[in-house]
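Scroll down for the structure; my scribbles are underneath it.
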Amino acid sequence: MEKEILEILKAMQQDIKGLKESQERLENKIDGVVEQTADLLEFRTKITDTVQQIKIDVEAIKKDVTNVEVITASNWADIAKLKAVK
């Protein structure tokens, strides 16, 4: 009877050891996922900041192009006046 109990306990110890090893593997995987998530969040933040800066730059370029168009129109009007004077 004692031998049977010892065998059962030995089997339980092996099962517990296997469970602990599985738990360690899962913890390592979770640590990896947490690290990757942090990296992805950092990347997302950088991309969001970059896109925001690009939007600001595009708006500034649009304003500059509008100014160039207005100035060009004014210059054409001046050229037309100068030609008319000749």
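The values are calculated or read from the model by the stated rules, or taken from the named source; none is laboratory data. In this text, all values refer to a predicted model and were calculated from it rather than measured experimentally. Neighbour counts run over all protein chains shown; Cβ positions are idealised from the backbone, glycine included.
Brief remarks on what is shown
- The single residue among K81, K29, K10 that is surrounded by fewer than 10 Cβ atoms within 10 Å (Cβ to Cβ), part of a helix (DSSP H, G or I) and basic (K, R) turns out to be K81.
- Answer from V65, V33 - the residue that is at pLDDT 95 or above, more than 29 Å from the chain's Cα centre (by Cα) and among the β-branched types (V, I, T): V65
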